[in-house]
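Below: the structure, in structure tokens.
The values are calculated or read from the model by the stated rules, or taken from the named source; none is laboratory data. Computed from a predicted structure; not experimentally measured. Note that we place each Cβ from the backbone using ideal geometry, even for glycine, and neighbour counts take in every protein chain shown. Areas reflect the complete protein model, heavy atoms only, side chains present, ligands, DNA and RNA absent. Shrake-Rupley method; radii C 1.70, N 1.55, O 1.52, S 1.80 Å.
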Amino acid sequence: MVLTTAVLLRKAGRWRSNFIDQVRIHVKGGAGGQGHPAYGGKGGNGGDVFVKANKNISMKDLKMKRRHVAGIGENSRVRALQGSKGNDVIIKVPLGVCVATDDRHVLGDLDTEGPKVLVAKGGLGGCHDNKWSGEKGQGGNIKLILKLIADVGLVGFPNAGKSTLLKALSRSQPKIASYPFTTIRPQVGIVEYPDQRQISLADLPGLIEGAHMNYGMGHTFLRHVERTKLLLFMVDVHGFQLSDRNPFRSSFETIMLLNKELELYKPELTRKPAILALNKMDIEGAEECLQETRKLLQESDYSSISEELRPASMIQFEDIIPVSAQEGHSIDLLKDRIRSTIDEIHQREHQQDIKEQANNR
Ligand SMILES: Nc1nc2c(ncn2[C@@H]2O[C@H](COP(=O)(O)OP(=O)(O)OP(=O)(O)O)[C@@H](O)[C@H]2O)c(=O)[nH]1
Ligand SMILES: [Mg+2]
């Protein structure tokens, strides 16, 4: 299928607008009730607005209601001098939502169903300090930004075989096709092991060079890999060319460009543990391409990469595994390596926790 870059990019733009991973809403705390100066009665405080995660909610649900206002505090009366507090409002959001102000100041990350994040405080009820006049509640816009929670994040150029791999490793049925930008929204699949252990893997839309300048699907999808423990690079061993008008990139160049896009999005991402899977080993000529890429990586030979494309911080791969996602070659090996690397990471984190606890004592 031949598509020009212009068509691809236009399409990607349209698709992007269909996927909801961020919603902006207005929140307002309730006003405080009036006090009773003659009897010293206090008005009730206005209700607060909170955000809380719930696994049954989707981002779509959040679009239904854009304004959330908490209840007003009760006025003080002769029969009830202390007015009761206005009703709180709890906005339910999907798990993995990051709550931020309009200028991206993070108020909280909701990875579990328990905690609540206060987003608008109700006004103080009327009392002596405010001359018995109830105060206004806090108000403003907030952003609810979805970040998927997965153990492993799949990153790669379009058409590399990321979705084919997700299908080979899990029971999910992602869309697979021979043209770029087939995957338009992130999807999480569960990889199951014989001992019931499960590892979640997020399949993301393909990145291309210049993604940080919003080419293709852009690179905002990378927010979904921020919380993953392990990055799984999926690269076509034969290289990639978006269209006739774009340069051909070898697999080594692809790896460097992916590294660069990650770095431009968030430099910390390049320090995450990563595994490299070189895919499409079933196609003729794969072995030569593999040897060449391996050699360049092992020798850290970046001389063929121009200065502006060269990442400042190189990702150190824990493993380089040649596979064929379509034919199932070395998929079990990759599955085992994902497992052992995740286990090692947990072990390291556990030891770190023990150390920190000991230091705090
Ligand atoms: N020969 C061969 N073809 C493969 C292999 N893996 C994937 N493909 C083919 O490559 C094409 C792209 O595969 P996808 O899994 O859709 O690729 P993707 O990385 O998810 O692509 P985007 O969603 O566009 O980013 C499809 O035609 C697949 O059948 C492989 O191991 N060998
Ligand atoms: Mg895909």
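Values for this structure:
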read-out: Protein accessible area in the chain, 1.4 Å probe - carbon and sulfur %; value: 48
read-out: Helix runs (DSSP H) in the chain reaching 30 Å along axis by Cα, Kyte-Doolittle at least -0.5; value: none
read-out: Whole-angstrom Cα spans of the stretch 21-146 along principal axes, big to small; value: 52, 28, 23
read-out: Taking the C-alpha atoms of the chain, convex hull volume expressed per residue in Å³; value: 189
read-out: Accessible solvent surface per residue of the stretch 125-181, calculated while the other protein chains remain in place, 1.4 angstrom probe, Å²; value: 43
read-out: Where Rh is the Kirkwood radius over Cα pairs, Rg/Rh for the stretch 226-361; value: 1.04
read-out: Listed residues Thr228, Ala168, Pro322: farthest to the positive end of the dipole of the chain (Cβ charges); value: Thr228
read-out: Formal net charge of residues neighbouring Glu308 (Cβ-Cβ distance under 12 Å; K, R +1; D, E -1); value: 0
read-out: Trypsin sites (Lys or Arg not before Pro) restricted to DSSP loop in the stretch 123-187 with at most 16 other C-beta within 10 Å; value: Lys131, Lys136, Arg171, Lys175
read-out: Lysines whose Cα lies under 25 Å from that of Lys131, excluding same-chain neighbours fewer than 8 positions away; value: Lys28, Lys42, Lys85, Lys121
read-out: Summed side-chain charge close to Leu297 - residues other than Leu297 whose Cβ falls under 13 Å, Lys, Arg +1, Asp, Glu -1; value: -4
read-out: Exposed-site-free run, longest, the chain (rule: GluC sites (Glu not before Pro); DSSP loop; at most 14 other C-beta within 10 Å); value: 114-283
read-out: Neighbour net charge for Gly29 - beta-carbon separation under 12 angstrom, K R +1, D E -1; value: +1
read-out: Per-peptide average of other Cβ atoms within 10 Å, ordering 98-105, 217-224 highest first; value: 217-224, 98-105
read-out: Calculated [θ] (222 nm, deg cm²/dmol) that DSSP helices of n ≥ 4 give over the chain, each run adding -39,500 (n - 2.57); value: -7500 deg cm²/dmol
read-out: Exposure of Ile176 as accessible area (Å², to 10), given a probe of 1.4 Å and all protein chains; value: 80
